[in-house]
Amino acid sequence: MAKTLFDALREFRKKDRISFHMPGHKNGEGLSWALKKYGMSIDVTEFDETDNLQEPTSILKDAQHRAAAVFDAGESFYLTNGSSIGLHAAILGSTRPGDTILVDRTCHRAVVAALVMGGVKPYFISPAFDEELGLYRGFTGRMIKLALDKCPEAVGAVITSPTYYGVCSDVRGIAACLHNSGKFLIVDEAHGAHFTFLPQFPQTALVQGADICVQSVHKTLPALGQTALLHVGKTSRVPAGEIKRVLLLLQTTSPSYLLMTTMDEAILQMEKDGVKKLNSRMIALDRLKDRLRRKTALQFVDEKRIHRPQDPLRLVVDFQKTGISGAEAARMMKESFGIYPEMADARYVVFIVTAANTREEIKKLEEMLYYMGTTIFEASGDVPMQPLLLPEMVCLPAAAWQAERKKLPLDLAVGKVCAEIVGMCPPGAAVLVPGQKIDQANIDYLKKYQVIEKIEVLAE
């Protein structure tokens, strides 16, 4: 008999491991005893007593109002299908078919999906790329102004801040630039739900003037997977009613009460003792980095090095000087130390630290990094990350998605038009999007990073 999903997850649970990955509750450590005990029994449906997320009038309305108050939003919406559906709603609720918007080239594939669904035309803009570090440094207001000069028909913009590496754009300058031209700003802030709780963190997108932002509660707060929030700013150029209208179209009519409860509880916990824990973990990570910088070959991506605001709880470890790649280091961490990071690439390993991580776990993390940072490894053959290419758009993503298509080996796809979203999660950025013309450089990129072997293209 085949192993069930429950069997496989139960076996995984038995491993002696430490979680520095999402979800932010860290194997249940951040969830209350009562929620873990009664969780299954509160997985109910819509009754008079339990309210209805489609048209909340009582407890769910109050819960969303609490979220709006904490995050300084005009209105906040619970999402039980992750930030992806929030990005869909934000874009579909602020555009009309045929509109053009400025789109972060490094955006999550969910943004591209919204372009397909809404018949929206993207004008891709690339954030600054630091060649020395091999990382994107985000956008500035001036970069958006230059983009608007080239594409004045754009009705707004969608950017990602912070990135998977915790690096933030100049949201305030970007919002001011767009608003001066009567345009809106949507920020994919999936990795920044915790920013609102400590003044030492980068300022939230809403505080800096974003019209809409989307946050994954499950990434950095103690809540279950798929939990997220969509916030509409108090002075948003996009009416909250338009967003609600789209959410009624997209969201399930049977949202999980267990997921919604963990969102409410996570926010309440953060307001109680969560802030103290966040501050403690931030101080612990600062000390960890200072000690390891002095004693090992490891380096870190933070504000001192990238000269941009960066999430102090996003530990990004640079293995370049150790002779081992980030991907190889991550494998060793899991196999030899039972420490599971969130993501790794050819150079970096990314750890997500939340209030649910203990001091003991951070101590073990430091011990492991000390060992790896003082060990000489055989040189890695992994290819350093390069910026995403910007192929020519020859038709709307929606048109390419809906057209007749076929699957070809990569070498036969040169000169064809891409008909699918090509990209890996994490981080979820699209290497190619529907409607882009594929050239040899794109094929070389896909081969270099072993993304796929075949690709869907428009049929001739």
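The values are calculated or read from the model by the stated rules, or taken from the named source; none is laboratory data. Worth saying up front: this structure is predicted, and the values here are computed from it rather than measured. Note that each Cβ is placed from the backbone with ideal geometry, even for glycine, and that neighbours are counted across all protein chains shown. Ligands, DNA and RNA are stripped out before the accessible areas are found, and what is left, the full protein with its side chains, is counted by its heavy atoms. Shrake-Rupley method; radii C 1.70, N 1.55, O 1.52, S 1.80 Å.
Overall shape of the stretch 259-400 was characterised from the C-alpha gyration tensor. The equivalent ellipsoid obtained from it has semi-axes of 28, 26, 15 Å, in decreasing order. Only one residue of Leu388, Val350, Val417 has its Cα farthest out toward the positive end of the dipole of the stretch 316-420, where Lys and Arg carry +1 and Asp and Glu -1 on Cβ, and that residue is Val417.
Each Cα pair under 8 Å and six or more residues apart adds its separation to the average, and for the chain the resulting relative contact order is 18 percent. Extension gain, Glu46 to Ala441, is 137.0 nm, computed as 0.36 nm per intervening residue step minus the present C-alpha separation. In this rough spin-label picture, where each label sits 7 Å from Cα along the Cβ direction, the Met424-Glu404 distance is 3.5 nm.
Thr227 sits among other residues whose Cβ lies under 11 Å from its own Cβ, and their net charge, with Lys and Arg +1 and Asp and Glu -1, is -1. Averaging the sequence gap over all C-alpha pairs within less than 8 Å and six or more residues apart, then dividing by the number of residues, gives the stretch 290-421 a relative contact order of 22 percent. If you take every residue apart from Asp264 with its C-beta less than 10 Å away from the C-beta of Asp264, what net charge results, scoring Lys and Arg +1 and Asp and Glu -1? Charge balance in the 10 Å sphere: -1. Taken along its principal axes, the alpha carbon cloud of the stretch 126-269 reaches lengths of 46, 38, 25 Å, longest axis first. Summed over the residues of the chain and divided among them, the accessible surface reaches 44 Å² per residue at a probe radius of 1.4 Å.
Multiply the residue gap between Glu453 and Ile376 by 0.36 nm, knock off their C-alpha separation, and tell me the result in nm, one decimal place.
Values: separation 77, 0.36 × 77 = 27.72 nm, distance 3.41 nm.
Contour length minus Cα-Cα distance gives 24.3 nm.
With a simple spin-label model that places each label point 7 Å from the Cα along the Cα-to-Cβ direction, the separation between Leu412 and Ala128 comes to 4.5 nm.
Note the full-extension length gain between Asp99 and Arg10 as 0.36 nm times their separation in residues minus their Cα-Cα distance, in nm to one decimal.
On the way: separation 89, 0.36 × 89 = 32.04 nm, distance 4.78 nm.
27.3 nm is the gain from fully extending Asp99 to Arg10.
Remark on the stretch 1-141: hydrodynamic radius 19.7 angstrom, per the Kirkwood mean of 1/r across alpha carbon pairs. Summarised as an ellipsoid, the stretch 330-450 has semi-axes of 39, 17, 10 Å, derived from the eigenvalues of the Cα gyration tensor scaled by 5 and square-rooted, with the largest first. Measuring max minus min along each principal axis, the C-alpha atoms of the stretch 402-451 give extents of 29, 23, 15 Å (largest first). The Gln54 and Asp149 beta-carbon pair, evaluated with R₀ = 56 Å, returns a calculated FRET efficiency of approximately 0.85.
Computed over the chain, the per-residue total of -39500 (n - 2.57) for DSSP H runs of n ≥ 4 gives a 222 nm mean residue ellipticity of -10500 deg cm²/dmol, rounded to 500.
Our summary gives the stretch 128-239 a relative contact order of 21 percent, counting only alpha carbon pairs under 8 angstrom and 6 or more residues apart.
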